[in-house]
Every structure is written in structure tokens, then in C-alpha cells.
Amino acid sequence: MKTGHFSARWCILLWILPVAVGLLALGIGRVSIPAAQVFAAIADVFTGSQTVPQLTRMTLWNLRLPRILLAALAGAGLSVAGCAFQSLFANPLATPDTLGVASGASFGAALGLLLGFDLAGVQLTALAMGAAAVGLTWLAGSGKRKGLSSIVLAGIMMGSLFNALVSLVKFMADEESQLPAITYWLMGGLNNADYKTLLLGAPPILAGIALLFLLRWRMNLLPLSEDEARASGVNIGVLRGITVISATMITASCVSMCGQVGWVGLLIPHMCRMKFGSNHLSLLPASISFGAAFLIIVDTVARSASAQEIPISILTAIIGAPFFIALMRKTGGWSL
Amino acid sequence: MNITVRNGSFFYQKDTPIFKDICFSAGAGEIVAILGPNGAGKTTLLRCITGMLKWRSGESLLDGKSIHTMSSKELWSRIAYVPQAKSASSAYTAFETVLLGRSSHLNAFSAPKQADLEKAKEVMELLGIFHLADKKCNAISGGELQMVLIAKALASDPRVLILDEPESNLDFKNQLIVLDTMTRLAESGMTCIFNTHYPAHALQRSHKALLLSRGGDYVFGATSAVVTRENIRKAFGVEAVIGEIETPGNILQNVIPLQISESMPEAPEEDVRSIATITIIAGSNHMSDRINGLLHEYNHLMIGRMGMPYRECGLYLITVTLDGKRSAIQELSHRLTILPDVSVKTTFAKGQF
């Protein structure tokens, strides 16, 4: 019988996949760095010697590594958040933005850009507005007729409200300098990645992922019907609350660092469900690993395919949609 | 384990009560059937009993202790709830679903351990569904899903099992599998409370019955005293006959609805003095002890008794003759009928006494 635990082979593979993809991505870019040099540079870190040129070192450690780390974090985070929301609402169409987090965070970022904040300031306003949007959604949806579907509805409303506010900010922005900045930012991109951004943005993502990872078996109770969940003897309200807070922290922080990266939160969990089933014991770790690897690959293409960097949301959809459709046709899809 | 409801009342709107001062109890090894028309609140009653909905007044007690004073974990490791199969989530495999029943025994950050896996396997084997372990719940039949949900409930080692229409939407065979399972569990000491749309199932299986009417009235008592023509007319607004179908082993009671009742209720049948002979064949030593215990309660009606073991075939043959109120004799007959592996026939003497 299947217990939901991985076989040893999958376990190793899931650990190696993002690391291997990350190593590969270190060598790829507008300046190609041969694998030998990448390994020499890594060896230098441990030995303290300097066998690679200064420029290569700078490119590797100050430009590419933070970007790859950010891609891995955002990819893993958005996949986990999407997976959590799909289970929470027992709805295959749920995404990390279902409760309006991403729209709220986008509004916060746009507002920050409009007011001329520096990057850290933009990041903070985005985080704050993302959390505020979810708070408002929760308040709006938990009125007289409590229920998860009314919260989803409230989330859709709150999402469109904040999207309208984003448009309002764009309308008010200066056409020469602010509007392009806001537009590019909203299309999503990891070009802002540096260690300072990560220092502020990584902890909420890591904390959210860790919390959900620890709760992963218990998350299996989320899609059950209300009575079934209550009868499990688990405080289902607390479990739902923790899930929402974790997923919100992750999503808001991702949006605050790299704008709206669509598709990952929908695509990766579905892929993993098709392959590993719905048991979160394996689904969640798989989502983390594949999410991280996927976004590193997409971002590597985004920054190296053409002279001008391609906004990442465009690529996630162009690479993701056909792949997803092919997989769905092959496996016959899945159900929640 | 004994579960008791004391003066339970519930309403959504104050002027339309769903239940008024309901009192009933179910002891260890007893099956209690909850009957009632659509909209009478059968499922609501189950939800109130288990505390998923809060009684507006009154309380539920487990072995004398109010369930509102228990933690969720404490409560749900004693009681288990089997939801209607149609409302169940189906993304998991049968084994994963059964394993979820262990939740109340695990803390938040732990995954099931070897002992939990063993327990899940054990209950699935007990119910004869282990071959379904790796099948997805949306790829098995309704009857199989119902058994998986019962297994999930049993995985938590409960003492009380609450089932919401466990045999609805099932074919004959699967109905029997579910009902037999309940009988078997009750024989091992489990307290079972189930909702049903079939008064016949109550008659054939349950020790006690609770019949709900719309508006909060109810009747509770021994099944044979609750499932009667009068009570069915009052609760369902339907004229029915309670027929007896003779099978090679037993006389089964069945309820057949005839027509929607329009007239005033007829005067109830008088509880007349009757003479009857009950012939019993028990399939095991253990059962013959159970039967003797039961007969002992009706000693005051007994005017003749004969019993002999037929060791060659492992059978026990008992014949008793009784003189007493017809309802009392029917009650005894019914209590014998719902025992497993027992054949029972009751013959009433003609004439008036």
C-alpha cells in the first residue's frame, strides 16, 4: 500500500534537482561561464584562493547567485502557497492570489514607486498592503453566512478592488519615469535581486514554507467537508488560519521582491498532484523542489534568451501552458 | 460507552423549533436508529449530538460527562462520525483516507507512524476492503466508499459510532454489507447511532429507535414500540403496513408505505392479551447465552420453555411459550430477531383471551 512517503530515489532526486538546476544556471547568461570555471569559483569559496578572474567572480556571486536564490525561493514559495490554497478551498482553480494577496501587494508596490520610495521601501509597502488585502478579504467574507466559498468570493472582489487601485496609481503616475517603472515592475522580474532584498524578503517566505512543510500531513484534512474535518478531532479553524497566514506571508513577500509572477502557483502543484497524488506528505516537498527548479529555469531563459530581458510572467505562461496541457492529456488530469 | 442526550433543544429561528427537549440514550453494544421525514432534522440531530452544532439548551453526555467540557481531541478519540458518502472528498487513495481517521491521535507536526499504518491496515482488513487500499476514492463504487468511510471512523479506535444515512444510495448487497458491519460492531460493544430513511432497517437491526416529526415532536423507545403504523402516520403522514415476510430462517418485518394519509388517525389497535410461541435456533454457544439472558427479562410472561443443544451441528434449539400483552411479546420477538446468527419465528394463537 502507498503510505505517501517517498521512495529513497525520489527523495534524493527532489533534493538534487533544484541544486543541480541552480548550478547549471550559474554558468548560463549573457556572459557564458564554462562549468570548469564555475566549479573552480565554488572551490575558491572553500579554499580561500583566487583562481578565477575578478569579473567572473563578481558575475557569479553578486549578480547570478542572488538571482538564482530569489528564483528558487519565489518558485518554491508560490508553488507551496498555491498548493495550500487549492487544498484549503478544495478548488483546483485557486492560486496564491485567490484572497487578493498579490493584487494588494502590487498596489502597495505601485504606490511605493509613485511616492518615490527606494527599493526596500517599495518592498515594505508591498508586504503591508498584501497582508492588508487578505485581512480585508477575511473580514468581508466571514460575515453572516460564514463559509469558505464566501471568502473566495470576497477575495475575488478584493482582488478587483486592488487592481482598480493599481490602475488609479498608474493613471496618476508620471508618464516619463514612473509609469514605465510601475508597468515593468507589475510584469514581474527578478532583476532587482541582491542580498539586501533577500535579507528582507526571504525570512517570511522561508518561515511560511517551513510552517506548511511541518504541517504537511495535517494539511490533508483541509479539502475534507466541514463535518468530516470537524470530526477529525483537529482544531480545523486554527489549521485554516495558519495555512492562510503562511501562504499570505509567502505570496506577499514574493510579489514584493519580483512582482506578479503568474502561473507558478497553479502549474507546479497541479503537475505534482498528477505525479504524486494528493497526499501532502509527498505533494508539498515535491511542489517545493519542482517550483524552485522551474522558476530558476524560467528566469535563466528570461535573462539570457535575448539582449533585452523578457518579463518573467510572459515566459512562465509560454513555457508552462503547453507543458501543462501535454501533461494533463497524458495523465488524464487529477481531481482534488 | 453510553451516550445520552438530556433535554436537547435546537432551532435556527426562535419561532420554528427543530427539536424540543429531546431525551434519549444509547448504551454500549446498542444500535439506535434515527428516523424521520425529509427536513425533520435527522442530520442536524446527529450534528447536535456530537457537538458540531451547539444545543440551544440541554446537553450531550458521554458516560455521564458533558461533551462540552471535553477537548476536541478527547471527544473525537471516543466518538467517530461517518458522513454521507456523497459529501466525501475523493482525492485520496482509500488507504490515505482511512489513515486520516488517525488524526485525533497524532500531534500537529507529526506524520502517521508505523503503529498508525498498522491500525489503518487492521481496520481495512476487518471490514474486508484492504484490496482497495491503493485505489483512489473517486474510482471506487458508492458501497466501497461507504465502507472506506466507516474504516476511517474506526481507525480512531472509537467507542461510539455515528453514521449519517450509511445505507442510502446503495444497492441491496451493499446495504446488507453496511448493516451487517454495524451489527457486528455493536456485538463487539460499539455504540452505534445511525440515520436512516428505511424504517424496515430500523426494525431489522436496531435496538432502539428515535422517530422525529417536523416541528420538534419525537418518539423514542424500543424499536418495536416506535416503528408502528400510528407513529409512521403521525411522523410521515403516510399510511403504511408493517408486514411480516417469512424467510426460511426468520420472520422479517418490513414497512410498506401504502398511500398518503388524509383522514384522521384511526383508533390505535388495542394492546390485547396474546398467547404466542417463539421458536429460536442459535448458531453458537455465545449466542445461546445472550438469548437466555434476554429471555430472563421476560420471565414473568413465560408459561413454557424448552431448550436443547444439538452439538453435532453446533446449534441450540429453544422454544418458549408466552402469555402477555401483544406489544411485550412483539418487543421480545424483535429483540431476538436483530441478533446475528439467530433464526426466530413467532406464532400467535388465534382467538381472544
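Where a number appears in this text, it was derived from the coordinates with a stated rule and is not lab data. Note that this is a predicted model, so its numbers are computed, not measured. Neighbour counts are summed over all protein chains in view; Cβ atoms, including those assigned to glycine, are modelled from backbone coordinates with ideal geometry.
A few points about this structure:
- Applying 1/(1 + (r/R0)^6) with r as the Cβ-Cβ distance of A:Ser167 and A:Gln54 and R0 = 45 angstrom yields a FRET efficiency of 0.50.
- Size of charge dipole - region B:273-348 - debye, nearest 20, with Cβ of Lys, Arg +1 and Asp, Glu -1, no other charges: 220
- Rg and Dmax of region A:8-331, based on Cα coordinates, read 20.1, 68 Å.
- Cut-off under 5 Å, modelled amide H: who pairs with B:Gly221 long-range: B:Ala209
- Using a Förster distance of 45 Å, the FRET efficiency for B:Asn292-B:Met70 (Cβ separation, nearest 0.05): 0.75
- Nitroxide proxy distance, nm - points 7 Å out along Cα→Cβ at A:Leu214 and B:Asp217: 5.7
- Between B:Ile260 and B:Thr16, the modelled label-to-label distance comes to 1.9 nm, taking each label 7 Å out from Cα in the direction of the beta carbon.
- Per-q log10 I(q)/I(0), region B:30-188, q = 0.08, 0.09, 0.12, 0.16 Å⁻¹ (Debye; single scatterer per alpha-carbon; no solvent): -0.23, -0.30, -0.54, -0.96
- Considering only chain B, percent of DSSP beta bridges that pair antiparallel, nearest 5: 75
- Stretched out straight at 0.36 nm per residue, the stretch from B:Ala115 to B:Cys313 would grow longer than its current Cα-Cα span by 67.2 nm.
- Computed over region A:140-197, the range of Cα coordinates on each principal axis works out to 47, 31, 16 Å, biggest value leading.
- Per-pair calculated FRET efficiency, R0 = 22 Å: A:Ser304 and A:Ala35 via Cβ, rounded to 0.05: 0.90
- From the C-alpha gyration tensor of region B:142-243, square roots of 5λ in Å: 26, 15, 12
- Over the C-alpha atoms of region B:273-348, the Rg to Rh ratio, Rh being the Kirkwood estimate, stands at 0.95.
- Using equal-weight Cα scatterers in the Debye expression, the normalised intensity of the protein assembly as shown in log10 at q = 0.08 Å⁻¹ is -0.73.
- Each other residue within a Cβ distance under 10 Å of B:Thr223 adds +1 if Lys or Arg and -1 if Asp or Glu, for a net charge of +2.
- Helix B:172-187 vs. chain B, principal-axis angle (Cα, 0 to 90°, nearest 10): 90
- Candidate cross-link partners of B:Lys208 among the lysines, defined by an alpha-carbon separation under 17 Å and a same-chain spacing of 8 or more, comprise B:Lys42.
- The mean number of partner chain beta-carbon atoms within 10 angstrom of a residue's beta-carbon across peptide B:97-109 is 5.
- Share of alpha-carbon pairs per 5 Å distance bin for region A:172-318, given as whole %: 2, 9, 14, 18, 18, 14, 10, 7, 4, 3, 1, 0
- Centroid-to-centroid separation of region B:196-251 and region A:250-296 [C-alpha atoms, Å]: 55
- Label zone at B:Gln352 (point 7 Å along Cα-to-Cβ), backbone N below 17 Å, region B:314-344: B:324-327
- Looking at the protein assembly as shown, the DSSP beta bridges with both ends there are about 75 percent antiparallel.
- Projecting the Cα atoms of B:Ser141, B:Pro199, B:Thr16 onto the charge dipole of chain B (Cβ charges, centred on the Cα centre) puts B:Thr16 farthest toward the positive pole.
- The alpha carbons of chain B give a radius of gyration and a Dmax of 21.5, 72 Å, in that order.
- Placing pseudo-labels 7 Å out from each Cα toward the beta carbon at A:Leu139 and B:Ser327 gives an inter-label distance of 6.1 nm.
- Built amide H within the under 5 Å cut-off of B:Arg305, gap 5+: B:Thr321
- Shielding by partners - mean other protein chain Cβ count within 10 Å, residues of B:71-84: 3
- Euclidean distance of C-alpha centroids, region A:43-102 and region A:156-211, integer Å: 16
- Residues of type aspartates and glutamates that B:Lys20 reaches as a straight line, Cα spacing below 12 Å, ignoring anything fewer than 8 places off in the same chain: B:Asp217
- Against chain B, whose longest principal axis is taken from its Cα atoms, helix B:114-126 shows a tilt of about 30°.
- The ranking of B:Ile232, B:Ile275 by Cβ neighbour count inside 10 Å, starting from the fewest, reads B:Ile275, B:Ile232.
- Rounded to whole Hz, the Karplus (6.51, -1.76, 1.60) HN-Hα couplings of region A:6-22, x for glycine and proline: 6, 6, 4, 4, 5, 4, 5, 4, 5, 6, 6, 3, x, 5, 5, 4, x
- Tilt relative to chain B, helix B:326-337 - C-alpha long axis, 0 to 90 degrees, to 10: 50
- For region B:181-336, convex hull volume per residue from C-alpha positions, Å³: 132
- Across the options B:Ala80, B:Leu35, B:Trp55, the greatest Cα extent toward the positive end of the charge dipole of region B:32-151 (unit charges at beta carbon of Lys, Arg, Asp, Glu) belongs to B:Trp55.
- Where trypsin sites (Lys or Arg not before Pro) fall in DSSP loop in region B:66-155, at most 12 other Cβ within 10 Å: B:Lys113
- Relative contact order for region B:273-348, counting Cα pairs under 8 Å that sit 6 or more residues apart, in percent: 49
- Listed by chain and number, the lysines whose C-alpha is less than 20 Å from the C-alpha of B:Lys152, apart from same-chain residues fewer than 8 away, are A:Lys2, B:Lys73, B:Lys86, B:Lys113, B:Lys119, B:Lys121, B:Lys135, B:Lys136.
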